[in-house]
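The values are calculated or read from the model by the stated rules, or taken from the named source; none is laboratory data. Nothing here was measured: the structure is a model prediction, and the numbers come from that model. Backbone-built Cβ (ideal geometry, glycine too); neighbour counts: all protein chains shown. Accessible surface is based on the protein model in full, side chains and every heavy atom, while ligands, DNA and RNA are left aside. Shrake-Rupley method; radii C 1.70, N 1.55, O 1.52, S 1.80 Å.
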Amino acid sequence: MEAPENDAVAFESAEKIILRWDSTVSEEAREKMIFDADRYEINRYLHAVDEIQRSMESTTLSDDQDKANSAIQIAMARLEDEFRSILVAHTNAIEADSLTDPSPSPVHSGEFQLPVEDYHDTLTDDDSFTKELEHQESSSSSYRSTSSIREVDLMPPVAIYDLRSIAERMISAGYLRECIQVYGSVRKSAVESSFRKLGIEKLSIGDIQRLDWETLETKIRRWIRAAKVCVRILFASEKKLCEQIFEGLGTVTDDACFMETIKGPAIQLFNFAEAISISRRSPEKLFKILDLHDALSDLLPDVEIVFESKSSESIRVQAVEILSRLGEAARGILSEFENAVLREPSKVPVPGGTIHPLTRYPSTGSRYSSDPNTPDMDFADLDGLTPLALHLIWIIVILQFNLEGKSKHYRDTSLAHLFMMNNVHYIVHKTKGSPELGEMIVDDFLRKLTGKFRQAATSYQRATWVKVLHCLRDEGLHVSGSFSSGVSKSALRERFKTFNALFEEVHRTQSTWLIPDTQLREELRISIAEKLIPAYRSFLGRFRSHIESGRHPENYIKYTVEDLENAVLDFFEGYAVSQHLRRRSQ
């Protein structure tokens, strides 16, 4: 046991060192940082702090106790400044190369193990410290990977060693709260800097719900990428750093520092997904909600690892609840649409045979219907598809079934076929144009759908143009007798009159019909012209002279080939032509 006078000498020596670095009285102490000095000076100060703390435990005299309390308060204030300085000096946002979605890696580096040598023995000897750092640097790579989690080293071993040295003394002196607050405030700023690099904005749930959907779609794609990086790299690396500095220094101290740093940013991150999960449901949101659901579901095991402690339970619970609400939102949208498709009661035909409002609803579904009037479907060719993909195909089939029923409300058969062509084409076009639908719905099913709208187009042409083209045939125009043979002019005149009347009626009616898709409209016009124009040109060439040799030929040959070509361009525009079809060649 040391003599009391030796204790007094040791205390006075330690106190002198503490007071020398009192920034409230020393200009030199205000301008310099202890941990920027050499290792000898750092260890000398830490040893002085240890000596003051030891004296506080052994002294019984009130005067000595007061002196020790004063010295430890000065020392703690100084260590707090040093702690902050080291943190700030080594706090930078994670490099951009590290802010990418981690993939599983078989490489598992060793964790940083902090030195446990006796600080009293290091006062004059740096060998053990140097050997420990060399060991850590040789055995530790830049990150530790566990499954999909990648822990980046946020600070060099020397800085971690010094921070732990300071934290150990602050905590043992009862300055845990101050230590945690300084640590959390500095590290939180680094996390926020990384958030800005990742494009994560500070938006309230209300702000998010007021954004238009097009803007939200972009933000959802960005959020999914950012969330993976935040959980698997950013948060995991912050947790690792807390463990390196604080593990073993007190009950859940490392976790308290982790939550001080991460809780605010984590809530900010997950609030975005929560806002989407509780927003107003609408069909166009379905696939992005499913994307969010899948991304969060994939992240959940990593969330449970990173936020495994009791104090971070609220983050885990929030993630699980958001995942559940996203699932409910997707099921709700699917269910509402399926019910709308099955039970839409309208019997009033859509004017012009254009796209029915029901078809404009995204072609999505959630569950098989028990409606006895729904069509049978052969799923034999759809093996290997996900349940969602099968449901989507099922709903498209039901939509077709419903549309076929609505087409029967048209009195004009041609218009009924045009209606089906428009609507099935719209379904095919939207399915191919959606990356999400296109990935899930097999090509074979899309080919069958394409065949259906092409069949509807063929049926329309037959219903409309067979009668018109029938007028341009030769049958019934030639006569033969005992004294003469040739063309019956009366039959020919009647044939031209019938053609003119039929074509004018088709032109008057079908110019008001609408094909919204420009390409489809042009394709159908070309198809009509390819059948009509050559037939009319040939008929006119064969029989024009018979009409022009008689009286009032203009009453029968009313249109040139060019007139008909121009007239076809009026079809399917959705509005009545301003004038009757006239001979534009005049």
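Structure notes:
- PRO265 vs. criteria out of contact with any helix residue (DSSP H, G or I) (no Cβ under 7 Å at 6 or more places or on another chain) and in a helix (DSSP H, G or I): no
- When residues of the range 77-103 are limited to those that are part of a helix (DSSP H, G or I) and of a type in the set (Ser, Thr, Tyr), the one modelled with the highest pLDDT: SER85
- In the range 306-327, the residues that are crowded, with 16+ Cβ neighbours inside 10 Å and not basic (Lys, Arg): VAL306, PHE307, SER309, SER312, ILE315, GLN318, ALA319, ILE322, LEU323, LEU326, GLY327
- Residue match in the range 441-449 (condition: within 24 Å of PHE572 (Cα to Cα) and either buried (at least 18 other Cβ atoms within 10 Å of the Cβ) or aromatic (Phe, Trp, Tyr) (or both)): yes
- Residues of the range 153-182 that turn out to be buried (at least 19 other Cβ atoms within 10 Å of the Cβ) and touching a Cys at 6+ places or on another chain (Cβ under 7 Å), as a count: 3
- Among the residues of the range 286-300, the ones that are over 15 Å from CYS230 (Cβ atoms) and out of contact with any helix residue (DSSP H, G or I) (no Cβ under 7 Å at 6 or more places or on another chain) come to 1 in all.
- One residue stands out among those in the range 197-253 that are under 19 Å from LEU154 (Cα atoms) and basic (Lys, Arg): the one that is surrounded by the fewest Cβ atoms within 10 Å (Cβ to Cβ), which is LYS197.
- Conditions (1) within 46 Å of the chain's Cα centre (by Cα); (2) under 21 Å from ASP570 (Cα atoms): number failed by ASN500: (1)
- Looking at the range 154-247, the helices (runs of 4 or more DSSP H) lying wholly inside it that each contain 3 or more residues that are hydrophobic (A, V, I, L, M, F, W, C) sit at 157-172, 176-198, 213-229, 236-246.
- Here SER23 fulfils each of the conditions (1) open to solvent by 30 Å² or more (accessible area, probe 1.4 Å); (2) farther than 22 Å from LEU163 by Cβ apart from (2).
- Checking GLU132 against (1) part of a helix (DSSP H, G or I); (2) at pLDDT below 50; (3) open to solvent by 70 Å² or more (accessible area, probe 1.4 Å), the condition it does not meet: (3)
- Conditions (1) assigned to a helix (DSSP H, G or I); (2) touching a residue at least 40 places away in the same chain (Cβ under 8 Å); (3) open to solvent by 30 Å² or more (accessible area, probe 1.4 Å); (4) not assigned by the TED database to the domain that holds HIS293; number of the one not met by ARG150: (1)
- With respect to the conditions (1) in the same structural domain as ASP298 (by the TED database); (2) surrounded by fewer than 19 Cβ atoms within 10 Å (Cβ to Cβ), ALA275 falls short on a single one, namely (2).
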